[in-house]
1. Contour minus end-to-end for LYS77 and ASP118, with contour as 0.36 nm per residue of separation and end-to-end as the Cα-Cα distance?
2. From the Cα gyration tensor of the stretch 59-101, with a ≥ b ≥ c the square roots of its eigenvalues, which class applies: rounded if a/c is under 1.5, or else prolate if a/b is larger than b/c, or else oblate?
3. For GLY102, list long-range residues whose amide hydrogen, built 1.01 Å from N in the peptide plane, is under 5 Å from its own amide hydrogen.
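What follows is calculated from the coordinates using simple rules that are stated; it is not laboratory data. What you are looking at is a predicted structure, and each value in this text was computed from that prediction instead of being measured.
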Amino acid sequence: MNRESHDGGRIASGERRRNEEAAQRSEWRTSAEPEAEAEAEVSASQVTRKRTAAEKEEPAYKPLPLVVRMLLWVLRKSIVPILLILALVGGAFIGYVMLGEGDRADVWKWETWRHLYDLIFMDS
């Protein structure tokens with residue numbers, strides 16, 4: 001019960017504070033209205049002048065040619081397969097040369113991998 005009254009007091013003080021701030025804002029608006037309207041008219045004309053000047057300028061972003069966009073699209077789509085192939089080749093090299101103590105030149109020979117395939121999948 002003590003907690004409920006405490007929370008209720010916080011809510012009431014928050015509402016009171018918001019009401020006071022709103023009253024201060026409305027008092028400020030009424031005292032500054034004539035000056036604000038004049039400033040609004042000036043700034044509106046400046047904004048239209050800035051917009052027309054900005055429309056005359058060329059856009060900051062220039063689209064890339066079609067060939068470049070197509071090349072970038074192909075590279076984006078093929079990056080994962082390229083990385084997988086590089087990992088496969090790197091893993092084969094590390095496994096055959098460093099762990100298996102084979103010759104570096106034998107890694108790139110087709111006969112080596114054919115022999116390895118036959119050893120793995122030999123009929124038992």
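1. Values: separation 41, 0.36 × 41 = 14.76 nm, distance 3.44 nm.
Using 0.36 nm per residue and subtracting the Cα-Cα distance, I get 11.3 nm.
2. Values: a/c = 6.45, a/b = 4.49, b/c = 1.43.
Judged from the Cα gyration tensor, the stretch 59-101 comes out prolate (a/c at least 1.5, a/b above b/c).
3. The list, which skips near neighbours in sequence, is VAL97.
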